[in-house]
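Chemist: Sharing a structure with you now.
The values are calculated or read from the model by the stated rules, or taken from the named source; none is laboratory data. None of the values given here were measured: they were computed from a predicted structure. Note that we place each Cβ from the backbone using ideal geometry, even for glycine, and neighbour counts take in every protein chain shown.
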Amino acid sequence: MIPDRSLEVLRAIVQDYIASKEPVGSKSLVERHSFGVSAATIRNDMALLEEEDLIHAPHTSAGRVPTDKGYRLFVDRLSEVKPLNASERLAIENFMVGSADLDETLGRTVRLLSQLTNQVAMVQYPTLGKASVRHIELIPAADTRVLMVLITDNGRIQQHVIELGTAVDEAFISELRAKLNAALIGAALTDVAGKVKGIAAAMKPDLAKLANLIIQNLLDQVDANRQEKIILAGTSNLAKRKEDFPGSISPVLEAIEEQVVLLKLISEMQAEQHGVSLRIGRENTLEGLTNASVVVSGYENQGSEIAKLGVIGPTRMDYSSNISAVRAVARYLTKTLGN
């Protein structure tokens, strides 16, 4: 059991090291914090923390810096996170207003999160299996063309112009639109192929070919979204913090370029304290991120989590502020998708 004062010394070391980038010594701890004890007593606390592998000396005769284990204990003992100030909250609200579709909304979200945290921000697209059809629109665009619009319940709007090669009758378009919506509204995207079977065959032979062409384009749009993906922003922030990554930032850059592996990592992360999930340093299963921390939160639509967003940065990050920003942006994104 680590004494309470030693835990307070650890908290002070983490906070001072995050703020100053310099190893923290007992003298500076006594000067900056009101422990009410001598520097010798603080050195004893630091020796205990070092024995517990919570801090270490990066150089001979240097002060001490937190280890991954020390950061983890610090985060686990955070009683509260730093709240966003009024200007930050207003910036989020203004930034998220006016997005036309899901692509624009997620693009704005990832840029905003990067600006708030000065870290690499990532937003995962909603997974196919958790989306369903809200509406399908067919609009004659020209004599031989039809505009298909697929709208899903997670806010995704996809448009595609289909060349039919022959003039189309508006009555046919109206009939097919009605049949598709009757079969698909509320259906999961994974079930679309099964639910549209037989629709074309039930129509007049001369129209069945056109109906099949439109339905195949619909299936192509659904299939195009089967591959999960993440969008990133703020990669240049890594270069600004390169001194926080021993050796080189290249492993981190290579790791975040492997989207399949990154998706697997964040899909495994489940909400913990404060509604977020954290992987610190060597807690990351992705080798390139063993000198980085990942902070992730889920965002929702209609009461269910549909994907995740978060930040990646050095282990020497302001955990309280970043947790607050990730959590707040996830909530605003949930609110935006619900409107």
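Chemist: When the range 216-250 is examined, which residues are found to be surrounded by fewer than 17 Cβ atoms within 10 Å (Cβ to Cβ), of a type in the set (Lys, Arg) and in a loop (DSSP other than H, G, I, E, B)?
Modeler: Passing the criteria: Arg226, Lys229.
Chemist: Give me the residue from the range 50-109 that is of a type in the set (Asp, Glu) and in contact with a helix residue (DSSP H, G or I) (Cβ under 9 Å, 6 or more places away or on another chain) and, out of that set, nearest to Lys21 (Cα to Cα).
Modeler: Within the range 50-109, the first condition is being of a type in the set (Asp, Glu), and the residues that meet it are 50-53, 68, 76, 80, 88, 93, 101, 103-104.
Cutting the leftovers down to in contact with a helix residue (DSSP H, G or I) (Cβ under 9 Å, 6 or more places away or on another chain) gives us 52-53, 68, 76, 80, 88, 93.
On the way: Glu52: 22, Asp53: 20, Asp68: 16, Asp76: 22, Glu80: 23, Glu88: 25, Glu93: 32 Å.
For the range 50-109, the residue satisfying everything is Asp68.
Chemist: Within the range 72-123, count every residue that is assigned by TED's automatic domain parsing to the domain that holds Val296 and among the aromatic types (Phe, Trp, Tyr).
Modeler: 1
Chemist: Phe35 is checked against (1) in a helix (DSSP H, G or I); (2) over 22 Å from Arg241 (Cβ atoms); (3) not β-branched (Val, Ile, Thr) and fails just one. What number does that condition carry?
Modeler: (1) is the only condition that Phe35 fails.
Chemist: Still on this structure, please answer the following. Using the structure shown, decide if Leu253 is within 30 Å of Gly165 (Cα to Cα), of a type in the set (A, V, I, L, M, F, W, C) and assigned to a helix (DSSP H, G or I).
Modeler: no
Chemist: Tell me, please, whether a residue that is over 20 Å from the mean Cα position of the chain (by Cα) and among the basic types (Lys, Arg) can be found in the range 109-120.
Modeler: no
Chemist: Right, next: Let me confirm something: among Val149, Val161, which residue is surrounded by fewer than 22 Cβ atoms within 10 Å (Cβ to Cβ), under 30 Å from Lys335 (Cβ atoms), modelled with pLDDT of 90 or more and more than 23 Å from the chain's Cα centre (by Cα)? Lay out the reasoning, then the answer.
Modeler: On the way: Val161 fails: under 30 Å from Lys335 (Cβ atoms).
When all the criteria are applied, what remains is Val149.
Chemist: Of the residues Arg279, Arg226, Arg241, only one is at pLDDT below 90 and more than 30 Å from Val196 (Cα to Cα); which?
Modeler: The match here is Arg241.
Chemist: Quick check, is Thr41 surrounded by fewer than 21 Cβ atoms within 10 Å (Cβ to Cβ), in a helix (DSSP H, G or I) and free of Cβ contacts under 8 Å to residues at least 24 places away in the same chain? Talk me through it step by step, then tell me what you get.
Modeler: Details: surrounded by fewer than 21 Cβ atoms within 10 Å (Cβ to Cβ): yes; in a helix (DSSP H, G or I): yes; free of Cβ contacts under 8 Å to residues at least 24 places away in the same chain: yes.
Judged against the criteria, Thr41 is a match.
Chemist: Now for a different question. Would you tally the residues in the range 262-291 being in contact with a Gly (Cβ under 7 Å, 6 or more places away or on another chain) and under 10 Å from Thr315 (Cβ atoms)?
Modeler: 2
Chemist: Please tell me if Ile185 is out of contact with any helix residue (DSSP H, G or I) (no Cβ under 7 Å at 6 or more places or on another chain), modelled with pLDDT of 90 or more and within 23 Å of Asp101 (Cβ to Cβ).
Modeler: Working: out of contact with any helix residue (DSSP H, G or I) (no Cβ under 7 Å at 6 or more places or on another chain): yes; modelled with pLDDT of 90 or more: yes; within 23 Å of Asp101 (Cβ to Cβ): yes.
Judged against the criteria, Ile185 is a match.
Chemist: Still on this model: Of all residues in the range 18-36, count the ones that are among the hydrophobic types (A, V, I, L, M, F, W, C), touching an Asp or Glu at 6+ places or on another chain (Cβ under 9 Å) and surrounded by 14 or more Cβ atoms within 10 Å (Cβ to Cβ).
Modeler: Filtering the range 18-36 for residues among the hydrophobic types (A, V, I, L, M, F, W, C) gives 18-19, 24, 29-30, 35.
Then keep just the ones that are touching an Asp or Glu at 6+ places or on another chain (Cβ under 9 Å); that gives 18-19, 24, 29, 35.
Subsequent filtering for residues that are surrounded by 14 or more Cβ atoms within 10 Å (Cβ to Cβ) retains 18, 24, 29, 35.
Of the residues in the range 18-36, 4 are among the hydrophobic types (A, V, I, L, M, F, W, C), touching an Asp or Glu at 6+ places or on another chain (Cβ under 9 Å) and surrounded by 14 or more Cβ atoms within 10 Å (Cβ to Cβ).
Chemist: Is there any pair linking a residue in the range 177-192 that is of a type in the set (Phe, Trp, Tyr) to one that is part of a helix (DSSP H, G or I), with Cβ under 9 Å and at least six apart or on different chains, and which?
Modeler: Within 9 Å, no pair qualifies.
Chemist: Write out, first by first residue and then by second, each pair whose Cβ atoms fall under 7 Å of each other, whose residues are 6+ apart or on separate chains, and whose first residue, in the range 314-327, is closer than 20 Å to Tyr17 by Cβ while the second is part of a helix (DSSP H, G or I) and of a type in the set (D, E, K, R).
Modeler: Partner pairs satisfying both residue conditions: Pro314/Asp244; Thr315/Asp68; Arg316/Asp244.
Chemist: Same structure again: Quick check on my filter: what residues within the range 66-80 are part of a helix (DSSP H, G or I) and not small (Gly, Ala, Ser)?
Modeler: Answer for the range 66-80, where residues must be part of a helix (DSSP H, G or I) and not small (Gly, Ala, Ser): Asp68, Lys69, Tyr71, Arg72, Leu73, Phe74, Val75, Asp76.
Chemist: To continue, here is another question. Any residue at all in the range 55-65 that is among the hydrophobic types (A, V, I, L, M, F, W, C), part of a loop (DSSP other than H, G, I, E, B) and not assigned by TED's automatic domain parsing to the domain that holds Thr285?
Modeler: Looking through the range 55-65, at least one residue is among the hydrophobic types (A, V, I, L, M, F, W, C), part of a loop (DSSP other than H, G, I, E, B) and not assigned by TED's automatic domain parsing to the domain that holds Thr285.
Chemist: Look at the range 192-212 and say how many of its residues are within 24 Å of Arg156 (Cα to Cα) and either of a type in the set (Gly, Ala, Ser) or buried (at least 16 other Cβ atoms within 10 Å of the Cβ) (or both).
Modeler: Of the residues in that region, 5 qualify.
Chemist: A further question on this structure: Could you list, in sequence order, all residues of the range 12-30 that are charged (D, E, K, R) and over 15 Å from Ala47 (Cα atoms)?
Modeler: Residues satisfying the conditions are Asp16, Lys21, Glu22.
Chemist: Please state which one of Glu268, Glu272, Glu287 is farther than 14 Å from Val110 by Cβ and under 15 Å from the mean Cα position of the chain (by Cα). Before you say what the answer is, go through the steps one by one.
Modeler: Details: Glu272 fails: under 15 Å from the mean Cα position of the chain (by Cα); Glu287 fails: under 15 Å from the mean Cα position of the chain (by Cα).
Unique residue meeting the criteria: Glu268.
Chemist: Among the numbered criteria (1) surrounded by fewer than 20 Cβ atoms within 10 Å (Cβ to Cβ); (2) touching a Leu at 6+ places or on another chain (Cβ under 7 Å), which one does Asp318 miss?
Modeler: (2)
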